[in-house]
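Since the structure comes first, as structure tokens, the remarks are kept for the end.
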Amino acid sequence: MLALTSITGKLGNAVLSAIQEHDLLPPSRLILCTSSDPSSPRWNTLKSQGAQLRHFNFNAPDPATFAGCEKLFLVSTPNIALDFNDAPEGKGRESAHIAAINAAVTAGVSHVYYTSLAFGANSSAGVMRAHLRTEKYLRGLEERGRVKVTVIREGLYSESWPLYLGYFELAGGDKRDEIILAGDGRVCWTAIRDLGLGTALVLVDGSETWAGKTFYLSAPPEMGRSLREIAGLVGRARGEGAEGYGCREGRYYVGRGRERSAVEWWSSSYPALEEGECEIRDGTLGELLASRGVTLKPVEETVKEMFGV
């Protein structure tokens, strides 16, 4: 049995959708873990096909949630506030991840697949800190023979460019003539749809190919685009030029009403981009998708879709 967490989130739902669309695993082999109401009618079709819906809460994970599972797909908690103010080790988001992992191991899960992020292995980016701590904890369990581990460093979502592009407000019709950033670098933007299928193919693989591995699922460098280039795509999608771009310190956004601790945590991503951490050279995702006759979706296409072009 395979347990999937965060099935209503972007990545978790993309993985579940890929399993269904490509008929990778019968629903009767799935345990779907959600913090929403498991009895909601939205799950009736899957339940009628044999899938089990179970309640899952990062704040108090229960081993019973994972009973009968051999594999666990663990998506990181979205509670980013845990990481703010340079949270010491064991107090950031990794604390929630570790609690869930311990509950799974107690329940008898033999293989944990963890969704990390596509920054460097020694990254100083605040967004990567909890992931690296979680990876470290998992490797410790693996070394002691407690569980098999696969770490998937998922590429930066193509759909997340507004966040990286100075909290660009897509829905509100952002009217800024200049985008203020704390740095720039090429990013191998990767569509959530593609990450969902690539991850799903790893999860359903019945061999030991992925056990003990840490790898990236990402678009290749030739598909990478800098934030300056993304700004150009946005300008063209809005029928404007591509001039709106600038660099200043993160305190600019504190002055615009953003919470200081959140900005300090987030702005550390930009030096990592400048150091090339998100220009990923790992062809695994392309190979996985090709096995299903699927090609990687370029970020240019995603930007146009998001603007309805």
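FYI, it's all coordinate maths here, none of it is from the lab. Remember, it's a predicted structure, so these values are computed and weren't measured experimentally. So basically every Cβ, Gly included, is an ideal-geometry build from the backbone, and we count neighbours across all protein chains shown.
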> Pick from Ser35, Ser261, Ser207: which is most flexible by mean-square fluctuation in a GNM of the chain where alpha carbon atoms under 10 Å apart are linked?
Replying inline: Ser207
> What is the log10 of I(q)/I(0) for region 121-205, computed with the Debye formula using one identical point scatterer on each Cα and no solvent, at q = 0.11, 0.14, 0.26 Å⁻¹?
Replying inline: -0.48, -0.71, -1.30
> Of all DSSP beta bridges in the chain, what percent run antiparallel (nearest 5)?
Replying inline: 5 percent
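Below 8 Å between Cα atoms, with a sequence gap of 6+, how large is the relative contact order for region 1-109 in percent?
29 percent
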> What number, in percent, do you get for the relative contact order of the chain if the mean sequence gap of Cα pairs under 8 Å and at least 6 apart is divided by its residue count?
Replying inline: 19 percent
> For the chain, what is the mean residue ellipticity at 222 nm derived from helices alone (per DSSP H run of n ≥ 4: -39500 (n - 2.57); sum divided by total residues; nearest 500 deg cm²/dmol)?
Replying inline: -10000 deg cm²/dmol
> With a Cα-only, solvent-free Debye model of region 266-309, what are the log10 I(q)/I(0) values at q = 0.15, 0.18, 0.24 Å⁻¹?
Replying inline: -0.65, -0.82, -0.89
> Listed highest first by mean packing, meaning other Cβ atoms within 10 Å per residue, what order do 5-17, 292-304 come in?
Replying inline: 5-17, 292-304
> What does the convex hull of the alpha-carbon atoms of region 79-124 project to on average, in nm²?
Replying inline: 4.0 nm²
> At q = 0.06, 0.08, 0.10 Å⁻¹, what log₁₀ I(q)/I(0) does a Debye calculation on the Cα points of the chain give, no solvent, two decimals?
Replying inline: -0.20, -0.37, -0.58
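Mean separation of Cα pairs under 8 Å and 6+ residues apart, divided by the residue count of region 67-141: what relative contact order is that in percent? It would help to have the intermediate numbers written out before the result.
On the way: 77 pairs, mean separation 30.7, N = 75.
41 percent.
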> Here are some pairs, Lys10/Lys71; Lys47/Lys304; Lys10/Lys47; which of them have Cα atoms lying more than 27 Å apart in this structure?
Replying inline: Lys47/Lys304
>> What are the extents of the Cα atoms of region 64-217 along their three principal axes, in Å, largest first?
In response: 55, 34, 29
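Within the P(r) computed for region 26-119, what percentage of the Cα pairs occupies the region above 18 Å?
51 percent
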>> Only Cα pairs within less than 10 Å get springs; with that Gaussian network setup on the chain, which residue of Ala60, Ala191, Ala219 has the largest fluctuation?
In response: Ala60
